[in-house]
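A quick write-up on the structure given underneath.
The values are calculated or read from the model by the stated rules, or taken from the named source; none is laboratory data. Since we're looking at a predicted model, the values are computed, not measured. Because the Cβ atoms are built from the backbone with ideal geometry, glycine has one as well, and the counts that use them run over all protein chains shown. Ligands, DNA and RNA are stripped out before the accessible areas are found, and what is left, the full protein with its side chains, is counted by its heavy atoms. Shrake-Rupley method; radii C 1.70, N 1.55, O 1.52, S 1.80 Å.
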Amino acid sequence: SIGCVSLDPNNPEIVWVGTGENVSGRHVGWGDGIYRSPNGGKTWENMGLKMSHHISKIIIDPKDSKIIYAAAEGPLWSAGGERGVYKSEDNGKTWILSLEISKDTGVTDIAMDPSNADIMYAAAYQRRRNVAVFMGGGPESGIYKTGDAGKSWRKLTVGFPSGDMGRIGLAISPHDPNIVYATIEADEKECGFYRSTDKGESWEK
């Protein structure tokens, strides 16, 4: 099962694939990590993160193709595994956990500022499925921001729903990187489409 595909912006023959379906249904298919092809998909190599189960986004630094970020949701049916934002600085040979929230919360989306690759946003997603019920959200869901290429992260709070949030999707305007968009699952009154005009510091629905 495949969750995402990303091309190296400096060399489109280099393809990165994150395995595991990017959904949370009862019949979801999980994966065994992240793969890299150096030749347009002719051959592939597993580059680790085998316990991520679901990788939903991969971003390659346009300034340095050796730097890769992966959004890992972690196992759907249990806690633990590899969850959060993982970063490699050596073309996927090794990975560090850049953003860790908890054993129950992974990251479902990441977006990189097109004017400054050190600025990124990550959407944390707290979720768990069992035989009887799906819990798609919780107090640990939210949007995090880094300004130092993932060395440190902080949770953004101003203007977001006051209650628990679920899955969040992210996008940055290519014309004006001050503008950031988010689709947010929440209760019926607060769910919807949010916008920031100050690089995520404050939001409005």
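Below, the figures for the structure above:
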read-out: Accessible area of Thr157 in the full protein assembly, 1.4 Å probe (Å², nearest 10); value: 90
read-out: Using a Förster distance of 30 Å, the FRET efficiency for Lys155-Trp44 (Cβ separation, nearest 0.05); value: 0.25
read-out: Label point distance in nm, His27-Glu100, each placed 7 Å from Cα along Cα→Cβ; value: 3.7
read-out: The chain - percent relative contact order, Cα under 8 Å, separation 6 or more; value: 12
read-out: Relative contact order [Cα under 8 Å, 6+ residues apart], segment 95-161, whole percent; value: 28
read-out: Answer label for percent of Cα pairs over 25 Å apart (calculated), chosen among [x] 34; [y] 44; [z] 55; value: [x]
read-out: Protein accessible area in segment 1-107, 1.4 Å probe - carbon and sulfur %; value: 54
read-out: Residues in segment 129-152 reached by a label modelled at Asn10 [backbone nitrogen below 19 Å; 7 Å Cα→Cβ]; value: 149-150
read-out: Listed residue (Asn116, Ala79, Asn46) projecting farthest to the positive dipole end of segment 41-118, Cβ model; value: Asn46
read-out: Rounded accessible area per residue of the chain, 1.4 Å, Å²; value: 46
read-out: Distance from segment 107-167 to segment 32-85 (C-alpha centre basis), Å; value: 17
read-out: Segment 12-110 - percent relative contact order, Cα under 8 Å, separation 6 or more; value: 21
